[in-house]
Structure formats: structure tokens, C-alpha cells
1. Ignoring everything but the protein chains, give the 1.4 Å probe accessible area of Asp397 in square angstrom, nearest 10.
2. How far apart, in nanometres, would the label points at Gln86 and Glu561 be if each is projected 7 angstrom from Cα along the Cα-to-Cβ direction?
3. Just subtract the alpha-carbon distance of Gln160 and Thr535 from 0.36 nm times their residue separation and send over the number in nm, one decimal.
4. Quick one: which residues, 5 or more positions from Ser316 or on another chain, have an amide H under 5 Å from its amide H? H modelled 1.01 Å from N in the peptide plane, none for Pro or chain starts.
5. What aspartates and glutamates does Lys533 reach when the alpha-carbon gap must be under 19 Å and sequence neighbours fewer than 8 apart in one chain are set aside?
6. Starting from the 7 Å offset along Cα-to-Cβ, what nm value, one decimal, do you get for the label separation of Ala546 and Gln517?
7. For Lys158, Lys541, Lys35, write out the residues from largest to smallest accessible area, computed with a 1.4 angstrom probe and no ligands counted.
8. If packing is taken as the average number of other Cβ atoms within 10 Å across a peptide's residues, how do 19-30, 136-147 rank, most packed first?
Amino acid sequence: MSVREELVEKGFQLAWFLYPERETALLILAGALDKLTLQRGREARRSYWRDKHLKRSITRITREESDALQWLICFESETYEKLQEQRQAASLKQLIVRYVKSLVRITTAMSSFHVNVGFQRLLYSYSTEEAQRFYEALTEKYLGSDEYRRAKAALMQKLQQRFGSMLETVRGQHGELRFAPCEDQEHWTELLQHCLSFLTPWSTAGACPIPRDFARTGVKLSPQLSGVSAMSADADRIEINRCHAFIDPTCFGRLAEALALDAPLRKLALPRFHMPDEHDSSTTPPPARLTAEERHRLNGHLEQQSARRRSAELNSLRILLDGVDIARFGIERSGGQTLQLQEGAELIEVVGSDSSGDLVLGVYPVPYDERGAFSAISDTLTTRSGAVRVEITPAADPHSATLSLTFEPKESLAFGSLHHHWRTWAFLPRLVLPISAAVLLGFWLGRTTSVQNRQPKPSEAAETVPMRPVPEKSASVQLPKSGPSSPPPLSIALVPDELATRSAGGGSLPRLILPEQEAVVRLEMPVPAQDAKKTFSVTLKTFDGAEVLAESSLHTSGTAEHPMVVFEVPSGLLRADESYSVLLRARTGARTWEEVTSYTFQTEAGRQR
């Protein structure tokens, strides 16, 4: 069984653990996989921008695919959980599991600092000072006690919103507000261990970052956990390792032992739930593995949703924040809305509606930095009906941010895109303004070509060509021969990444509408005027690094003031709904090349009208 199939199986087991009913667990898994498909493309672009511009500081955490699926299942299951709880059909055991799951989901969406506060203060009964000791020992970062108290209050508020009147708060020592604990904590220790084994980040399975003999030897923690002297360490890996250390009971127990503090299970403080009746809390066996028929249904659902996104004629758009509607747009006219985000916001969803019902078009995890402060995001989601722009702007207070949502119908997209690019590039030095002007003109012409290609004549209508695999040897690829019946070449003007990138999340990329019939795609890449007489090489790759096509000994065309390198690619080598990067190098010697710039574009399947 492939790694991907094992991940789907693991996802089903988690969905069933959270909601032990097979058909509902399948629905939870299907919804999470669909959102993962949308999120994965954005995460790949974010990683690309960040790796391309290393001088930028890392302000957001990128989840690995397994961790993203794990989190999305926890998020997706909540709708079904609440419906069951409204019917008063949930057992006490299920509420205990959902409390721990909600605590993991809320805190890991923000930062390892919040994981530490949430677990030590709301799952265990460690004091604020002890929670500080845990975080400082692991990270060598020293935050004031007020930060811990503020984070705890924000997490309690989120949990109270989730469970409502089922949770009771009490005043403890020094007037501290806490959830009233249940009486028999030891009864739930085995369930808690089983729960945390499901909820510890999957990418860290079997690799506890805290050594087994850490308490006795006193060795320093690895830079992949502490972050100290980790000049080349992966910030994402450091952050997820810290989450593991605070969640996994064995790993966290080693840290507690090293600090001479009580073991976690001796400090367990699960809350008391007010329920009309205490339903059966006995242990239930795990479900049987996914059948071939169930896997086929899941794959069919994902393919159907993807096809709907490519062809849906929308009649309305909704924006959801953590599953709650916050904005609605009609598709006939422009609209916008601005609101303040509260600390702990987790996921923004763009949902369209067509004749078949609701359709998720885009998902945006709310970005936080390693201390849980809001980070910026700016992204445009293009649909057949128009474009939705999602922007998060942090305020002076790091725990506050503004969420701006705008919608532009398709009729006004061309002018709006041109205006946005001009506003974005207005700050560039005068030396690059001629290049910017050329790129703007090319981008406009490229959009026009794409729009024309989007509307084939009725006589030319055909089924969409299925995606073709990337050939192993690009050198053997031949361009389609010209002839009376061959379609004309398609041109797309690319924008240098250093001009197009406007935020850590990247900006709106040039889009290529793939034709239904095999054709030649001309990638037009503007270069500085001083490089007009150089010889270039071009490499086209997918975002996961697979080489599609490469060519050397290319020369510029265009005018002396606005030269460009043209790279021709058979459309059959390009897959629909993918992002591609193009690396341009210039020859500096007989066998040496230097990078000039890079370009990025997205593809979209051609559609019938």
C-alpha cells in the first residue's frame, strides 16, 4: 500500500475515533481531503516564495501534508459533533475526547507557545510559573507571565464557545478562573493516552525530540527543537517538534522529570461536563480498514469536486470563518467587507453555490507567527464568476488584525488586475519602470489571449483533455508540427518573481488556459535591457521540483528597450490546475551560467461554452 493510501487510512481511523459511526467518519474524511487539495497548492507556493527569497524572515508555519490532513479532520468533524450534541446523543467519553481534540486543534493552529499554555494550564493543573519553566527550558525564549495569562484567557474563551453551558467555570486560588475539574481523573488516563497518540503531529511519529535520558544526562536539546544556533534549521520543523514535545505524554514526561516537576498524568485536570444523562463510556473496538469500494467513493468525490470547481456557474459566494458565515457576495457586482479578527481564529473558507449546492473554492488557515501573533496574508482566488481577494493585515497590537474581503465580477477583472499591478509596482526604482511597463502590457495581452481561448467556437467544442504525466526525459519531446489544421500558438506574458511577489503568501499569478487541442505555448519572459545580447537557458519545473522541459542557447526577441526570451512548450506537457516555475539563466563562460530571474504561472483546464 502506498504512503498516500496509508495516510488516508490513518485519516479514517482518526475521523472514526472522533465520531464512531462509519458513514459519518467517511464524510468527515472526504471533506478534509477536499480542503487539503485546495490548501496544498497554496502551501506549495508559500514554500516556494520563502525559499526563493531567503532574506525574508519566516512569519508563518507551513504544515506537512500529514499534519495538515490531521488538523483538517479535527476541524471538519466539529460540525457533526455539534449536531450530535444538540440531540443530547453524545457520551461522556466522546465529550472528553472532543475537549482534548479541540484543545489540540485550537492551539496548534496558532503556535507551540499556545500548545504549552493550553496543555499545562487547561489539560493539566500546572501553575503559570511552571508553564513558563517548560517553555523556557524548551525554547530559551522568555516571555512575561502576563503573556501566559492572556493566552490562557483567550483559549478558555474559544473552548467555552465550543462547549457552551456543558462547561462550568470556577474561581481558584488568587481568583484565577478555571474549568471545574471532574472528580475521577484517574478513570480517564488510559483514554487520554490513546487520544494523544492520535493527536500528536503525525509527521513526528516515532521521533521524540527529547532524549530518553534527558533528565539524567542534562545534555542540551537539539537545535531542531530549541532553535538555538540553528542557522540552517527548518523553522517549520522546529515549531512542529515543540508541539510534539508538549502534546506527546511520554516526551513531555521526560521534560517534566528533567525540571523536577510532577508527571503530567498526576496533574491531569479534565473538566466536568454537565450532561442530562451519562451515556455509555465503555471502550469500543477500532473500525475495520477502508474497503476498496470506500476508497473508490472517496476518490470519486474528490474528482467530482475538482471538476465542479473548474466548471461551476456560481450564483452566490459566502465567506466562512471557523465554519460561521461572515460575508456574502452576489456575483453581479463588486462588493467588500472588513472586520476585526479575534485571537484564535483558525480557518477562512470561500464557498460558492451553484445548481448542485455548496462548493468549497478556497481555504485559508489564519496565519500566526511562532509567538501566536497574527501574520499578514494577501491572496486572490479566481473563479469563473470573478475574483475573491482575502487580506489579513496585523494591527499595532500583535493579537489583533483586520480581515478584508473583496469580490470583483469577471467583467471588471481585467481593469482591476491592471490597476492592482500598477499600484503594486509604483514604488519600484525608475530603472525598472520600463521593464514594469513591458510586463504590464504583456500581462494584459496574455489575459486577452487567455480570455479568447476560454471561449472556443461551437464547432471546435470537445471534451477536456485528461491530464498527461510529465515525461521522464524532456529532451525527447517534440513540438506539435504546424499545419493548416493546427491551432495557433498561445502566448502568456510572465512576470519576474521579484516583481510579482507582494507578500509571504505570494500574489495572483498569471494563468494559462490549457487548450482542448494540442498546441504550442509561448512563455514570454521579459529581461533587463542590459541582458539583451546574452545567451540564455530555460528550465521549466513543477512546484515539487520535477523537471518538465529545458532548453539552452536561447536568444532574446522583442525590441532593444524591452527584450524578452521566448520559450515554447507543448501544451500536452502541462497539467491542469498546477503551478509551474521557470528558471532563467544567462551564460557567463564556456560552461558557466548565472541565474537571472525566475517566473511562475498557473494552469487551468479549458472549458466548453
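1. Asp397 has an accessible surface of roughly 80 Å² with all protein chains in place.
2. For the pair Gln86/Glu561, the computed spacing is 6.4 nm.
3. Values: separation 375, 0.36 × 375 = 135.00 nm, distance 6.40 nm.
Fully extending the segment from Gln160 to Thr535 adds 128.6 nm.
4. Close amide H contacts, sequence-distant or interchain: Ser353.
5. List returned: Glu524, Glu551, Glu561, Glu594, Glu595.
6. About 2.8 nm separates the two model spin labels.
7. Working: Lys158 35, Lys541 80, Lys35 15 Å².
Descending accessible area places them as Lys541, Lys158, Lys35.
8. Numbers: 19-30: 19.5, 136-147: 14.1.
Descending mean neighbour count gives 19-30, 136-147.
The values are calculated or read from the model by the stated rules, or taken from the named source; none is laboratory data. Everything numeric in this text was worked out from a predicted model, so none of it was measured. Using ideal geometry, Cβ is built from the backbone for each residue, glycine included, and neighbour counts are taken over all protein chains shown. The protein model used for the area step is the full one, side chains on, heavy atoms only, and it has no ligands, DNA or RNA in it. Shrake-Rupley method; radii C 1.70, N 1.55, O 1.52, S 1.80 Å.
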